[in-house]
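The structure appears right after this line, and notes come after that.
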Amino acid sequence: MLALLALLALAGPAFADVGIKEFQIVGRTLSMLTTRPTGRIALAVVYAPDVAASRQEAEDVARVLGAGFAVGGLTLAPVLVPVDRLAQGLDGATAVFVTAGLAAQQDTVFQAAGARALPTLTLDFTCVRAGKCVLALKAEPQVEIVLNRRAAEQARVSFASAFRMLVSEM
Amino acid sequence: MMARVNNRPIRPGLSLLLLAALAMAAASPAVGQTIDYGTLEQIFGQPVTASATGSPKLASHVPVTMEIITQDDIRRSGASSIPDILRQYAGLDVWRSTVAGVDVSVRGYNQYYSPGLLVLVNGRQVYLDHYALTAWSAIPVEMGEIRQIEVVKGPNTALFGFNAVQGVINIITYSPLHDDIDTAAVRVGTQELRQVSAVQTIHLSDRAGVRVSLGGTEASEFDSPFDNADLAAGNARYRIDPSRRSAAIDSLFQVTDNQQVGLELTRSVARQSEFSLSADLTRSDYETSSAKATWTAETGLGLMEASIYRNLLEVDYVGDFLNNYHIENAVTAARVQDLFRLGSDHSFRLAGEYRHNEINTFPDAGAEIGYDVYSASAMWDWTITDAVSLTNAVRFDHLQMGWEGAVDYPAIVTPPFTPDKYDRQINGINVNSGLVVRASAQDVVRMTYGRGLQLPALYELSYFKYGALPPAYAPLVGFFSTGNPALEPTVVNNYELAWDRRLPAWDAMVRLAAFYQTHDNLRSNATSDPVFRGNVADFLSGNVGGSDAWGGEAGITGTIGSSWRWGLNYTYEIVRDRLSVNKEALYAPILFEDGTPRHRVNGHLGYSDGPWEADLFAHFTTAYDTLRWPFGDPSADPPYDRVRVPAHLLLNGRVGYRLSDGITVALEGQGLEAAQHRETAAPPVERRLSLSLTGRF
């Protein structure tokens, strides 16, 4: 919480890639998990405090989601988690949002999330291509979702077949 | 059960099933939950459909040319019936003959009791097999419960089997489990229209949902004049005021995390005048009921579905041709399918289906004819690259026909076909193939091929009527009108090239399509060349040649800001009949060449501002011909009149005002441009105005 407050205090201009549309998709995508979460869930937003892009994106996510962002039957409650505090930060989370600029730490995040069977979602397609995130998405100009099947298997998360038929799987 | 002989193993089907088993054994595990169309549409920002391939597809990715009509489109149309909505879309022809009697065709080939168009509600056929027609008012669905209407143009028989040769209209309702739809609507209008409709969704828990819908309509039939005294004398007694009652219960239960079970019951009663296939006015009383159960499961072998339904139809016709006919038709269909992925680039759907269809003999009862159809189908969707995908689907149908019982004909009447002639098999292969190229972020090109078989309608196989001829016909003393169990299915091939282009600067989408179709083994219920059996003329159903069509569709839809929406589409089509008999369409309404308008144009302009919503639709069609029984001199040659339906412009529209969050009042109109216009050989269609009050809770 202290970290969140500190970040909000330092918040700068919004990063263009993070907006309401993205998290509407994130929320509805989570409802495509085979173990469908409902109600208020904690979305762990993992960031590297010393990486500007990562920190900026985390701030934007926190701003967009506020105290809780309702989408479908879910309310996404952001929990900002510094990448060096994964062990505590992921406890109680339902899903993990991986911010940009974490290339050096993506494997660590993926292993920690996988150990808890948590899906890792990101706007950074390179993370999915590297097999260190389960799913990447963008909302503009058209919705695009890429799912890494092997990463999903490793993380022990699965999505509805109908959803998988509609996304790009790799 | 029908008497069936020679039920042989279906070896091709077994082969496909074996292939399915092998493929599934190698499939990667796929677990998850069943299809939630609403959420998927919200994720991807566009409608999702399974009507193209059986696999969920984004509307922009389907390997067929299709229209997806959303609930917003339905509301804004101001239409009180589904055909009035369809009229605005490229390639769709709508013939309204009475207040409730209406026929719809895709890409021409319209005729009374239009066959060849498979109409479904959530995959259950509501198209009626006895005459291969769709009684639109007897469909047990309310406008307020429809999520979307999916219109596939051209044969889609590899997915849906026999009869989806012109196209498919799949009406998709909201999910009783995933959606929460509660509406009530009342509508009053000209022709003394009184219509009520109510839809209530009850979520018993987050794992059980039930949706109940009820509807009722009363109205007065058009009183526009008949063209002459003979027609008035012949038809007026069959003009009745239409009424409709409909009830449906649809439920869905999440029985485990990975399994859902659905149950659906429907009932409808529709009484109306309509132009029958004999091109005369007929009083029709339709009673339909259905029961359907579905099971869906996410398994290690993919998304598996099983369904079984039974449709019952009782219909009474009173007319000069369909004279006091009582028809009972029962359809039972069972289906299993598995949808799975192999790797990341290949999706497959494997399905097996059984269908039993039976009908009483008529006009003389006493026997039943029917058939069993065993089908196996496979679909392979290959994502070749991010930009290119290829979908191939094939379906094999094996039909075994049979006859049970006996009809007590008078001693002097000997039907030409004995029951053993109904011991017949038909095997057919249906194919659909589509290459989709997303050439850029704005461009999608589709090249498709479809081959479909259209079965003869049940009456074409079994009908048998006899009668005496007046002395003027001597030495003939009588006639037969005879269904023919030896009829061959009509074969339709469709070749198509289509291009969709987004225009982001205009917030618009352009759609172009060019198609070429061939129809072989067209059928007529009684040809102009009777078979003479002694001193009896037998007007025998037969295969009467073919027909070809080619044409194109061009359309653009767009929005301006958040207030304006607009659209324009144009359809051009030429049909060339190649009839081997019946060239003058003497006894049966086959008149495709002159019955298909050459040009159709639709325009739409809509505006929303706060609580106001206004939409105006224009529909223009060039002239076409249709047939009519003249009720004059029965010995006239040819006995049917050819009636020219002049080019006409229709204006339809709606102005709605939202009184509160859930309550909307709307003024709606169809045929605003004139008091009357003609769409068929029936008396003209009158202007229809209505006022509706709709609540969404």
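The values are calculated or read from the model by the stated rules, or taken from the named source; none is laboratory data. Note that the structure is predicted; figures quoted are calculated from it, not measured. Glycine gets a Cβ as well: all are built from the backbone with ideal geometry, and neighbour counts include every protein chain shown.
Let's see how each residue does on (1) more than 26 Å from B:TYR113 (Cβ to Cβ); (2) surrounded by fewer than 22 Cβ atoms within 10 Å (Cβ to Cβ):
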site	(1), (2)
B:VAL269	no, yes
B:ALA279	no, no
B:TRP295	yes, yes
B:LEU301	yes, yes
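The single condition from (1) modelled with pLDDT under 90; (2) touching an Asp or Glu at 6+ places or on another chain (Cβ under 6 Å); (3) charged (D, E, K, R) that A:LYS132 fails is (1). For first residues located in the stretch A:36-49 and more than 29 Å from B:ASP257 (Cα to Cα) and more than 14 Å from every other protein chain (Cβ to nearest Cβ), partners that are outside any strand (DSSP E or B) and hydroxyl-bearing (Ser, Thr, Tyr) and lie 6+ apart or on another chain with Cβ distances below 7 Å form the pairs A:VAL46/A:THR99; A:TYR47/A:SER54; A:TYR47/A:THR99; A:ALA48/A:SER54.
Within the stretch B:424-439, is there a residue that is within 29 Å of the chain's Cα centre (by Cα), among the basic types (Lys, Arg) and surrounded by 14 or more Cβ atoms within 10 Å (Cβ to Cβ)? The answer is yes; a qualifying residue exists. Note on the stretch A:13-60: among residues that are more than 20 Å from A:VAL157 (Cβ to Cβ) and of a type in the set (Val, Ile, Thr), the one that is modelled with the lowest pLDDT is A:VAL18. Of the strands (runs of 3 or more DSSP E) lying entirely inside the stretch B:595-648, the ones with 2 or more residues being more than 25 Å from the chain's Cα centre (by Cα) and modelled with pLDDT of 95 or more are found at B:599-609, B:612-621.
This table checks each residue for (1) out of contact with any strand residue (DSSP E or B) (no Cβ under 6 Å at 6 or more places or on another chain); (2) in a strand (DSSP E or B); (3) free of Cβ contacts under 8 Å to residues at least 40 places away in the same chain.
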residue: B:GLY370; (1), (2), (3): no, yes, no
residue: B:SER375; (1), (2), (3): no, yes, no
residue: B:MET379; (1), (2), (3): no, yes, no
residue: B:TRP382; (1), (2), (3): no, yes, yes
residue: B:ASP386; (1), (2), (3): yes, no, no
residue: B:LEU390; (1), (2), (3): no, yes, no
residue: B:VAL394; (1), (2), (3): no, yes, no
residue: B:ASP397; (1), (2), (3): no, yes, no
residue: B:GLN400; (1), (2), (3): no, yes, no
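Counting the residues of the stretch B:196-235 that are touching a residue at least 40 places away in the same chain (Cβ under 8 Å), in a helix (DSSP H, G or I) and among the aliphatic types (A, V, I, L, M) gives 2.
Each residue in the stretch A:135-164 was checked for being out of contact with any Asp or Glu (no Cβ under 8 Å at 6 or more places or on another chain), within 9 Å of chain B (Cβ to nearest Cβ) and of a type in the set (A, V, I, L, M), and 2 of them qualify.
Per this entry, B:GLY189 is counted among residues that are buried (at least 19 other Cβ atoms within 10 Å of the Cβ) and more than 15 Å from B:ALA247 (Cβ to Cβ). Listed by first and then second residue, the pairs linking a residue in the stretch B:260-289 that is farther than 30 Å from B:PRO683 by Cα to a residue that is assigned to a strand (DSSP E or B) and among the aromatic types (Phe, Trp, Tyr), with Cβ atoms under 9 Å apart and 6 or more places separating them unless they lie on different chains, are B:GLN260/B:PHE253; B:GLN260/B:TRP295; B:VAL261/B:PHE253; B:VAL261/B:TRP295; B:GLY262/B:PHE253; B:GLY262/B:TRP295; B:LEU263/B:PHE253; B:GLU264/B:TYR309. Please enumerate the residues belonging to the stretch B:206-218 that are hydrophobic (A, V, I, L, M, F, W, C) and under 24 Å from the mean Cα position of the chain (by Cα). If the condition is that a residue be hydrophobic (A, V, I, L, M, F, W, C) and under 24 Å from the mean Cα position of the chain (by Cα), then B:VAL212, B:LEU214 are the ones that fit. Flag set for A:VAL18, criterion: touching a residue at least 40 places away in the same chain (Cβ under 8 Å) and in a loop (DSSP other than H, G, I, E, B). Scan the stretch B:355-372 for residues that are touching a His at 6+ places or on another chain (Cβ under 7 Å), closer than 22 Å to B:PHE396 by Cβ and surrounded by 21 or more Cβ atoms within 10 Å (Cβ to Cβ) and the total you get is 1. For A:THR126, indicate whether it is more than 10 Å from every other protein chain (Cβ to nearest Cβ) and crowded, with 23+ Cβ neighbours inside 10 Å. Taking the combined requirement at face value, the residue does not satisfy it.
Set side by side, the residues B:SER344, B:SER307 differ, and just one is in a strand (DSSP E or B) and either at pLDDT below 95 or not hydrophobic (A, V, I, L, M, F, W, C) (or both), which is B:SER307. Being in contact with a strand residue (DSSP E or B) (Cβ under 8 Å, 6 or more places away or on another chain) and farther than 30 Å from B:GLN676 by Cα, is that true of even one residue in the stretch B:221-240? So far as the stretch B:221-240 goes, no, none of its residues is in contact with a strand residue (DSSP E or B) (Cβ under 8 Å, 6 or more places away or on another chain) and farther than 30 Å from B:GLN676 by Cα. For B:TYR459, the requirement of being closer than 24 Å to B:LEU322 by Cα, touching a residue at least 24 places away in the same chain (Cβ under 8 Å) and out of contact with any Ser or Thr (no Cβ under 6 Å at 6 or more places or on another chain) is met. Close Cβ contacts (under 7 Å, 6 or more residues apart or on different chains) running from residues in the stretch B:341-359 that are more than 14 Å from chain A (Cβ to nearest Cβ) to residues that are basic (Lys, Arg) comprise B:ALA351/B:ARG335; B:GLU353/B:ARG335.
With respect to the conditions (1) β-branched (Val, Ile, Thr); (2) out of contact with any Asp or Glu (no Cβ under 7 Å at 6 or more places or on another chain); (3) within 27 Å of B:THR490 (Cα to Cα), B:ILE384 falls short on a single one, namely (3).
Just one of the listed residues (B:PRO140, B:PRO155, B:PRO115) is part of a loop (DSSP other than H, G, I, E, B), closer than 19 Å to B:ARG267 by Cα and out of contact with any Leu (no Cβ under 6 Å at 6 or more places or on another chain), namely B:PRO140. Considering the stretch B:33-53, the residues that are surrounded by 23 or more Cβ atoms within 10 Å (Cβ to Cβ) and either under 21 Å from the mean Cα position of the chain (by Cα) or at positive phi (or both) include one that is nearest to the other protein chains (Cβ to nearest Cβ), namely B:VAL48.
Within the stretch B:54-85, the set of residues being more than 12 Å from every other protein chain (Cβ to nearest Cβ) and in a loop (DSSP other than H, G, I, E, B) comprises B:PRO63, B:VAL64, B:THR65, B:GLY78, B:ALA79, B:SER80, B:SER81. Restricted to strands (runs of 3 or more DSSP E) entirely inside the stretch B:433-502, those with at least 2 residues that are under 18 Å from B:GLY552 (Cα atoms) are B:443-454. Those residues that are surrounded by fewer than 18 Cβ atoms within 10 Å (Cβ to Cβ) and under 22 Å from B:ARG349 (Cβ atoms), I need them from the stretch B:387-423; list them, please. Once the filter is applied, which keeps residues that are surrounded by fewer than 18 Cβ atoms within 10 Å (Cβ to Cβ) and under 22 Å from B:ARG349 (Cβ atoms), the stretch B:387-423 yields B:VAL388, B:LEU390.
State yes or no: is A:PHE163 touching a residue at least 60 places away in the same chain (Cβ under 8 Å) and under 11 Å from the mean Cα position of the chain (by Cα)? Considered against the rule, which asks whether it is touching a residue at least 60 places away in the same chain (Cβ under 8 Å) and under 11 Å from the mean Cα position of the chain (by Cα), A:PHE163 comes out as no. Of all the residues in the stretch B:311-340, those that are in contact (Cβ under 8 Å) with a residue 60 or more places away in the chain, within 19 Å of the chain's Cα centre (by Cα) and either within 21 Å of B:ARG271 (Cβ to Cβ) or within 14 Å of chain A (Cβ to nearest Cβ) (or both) number 4.
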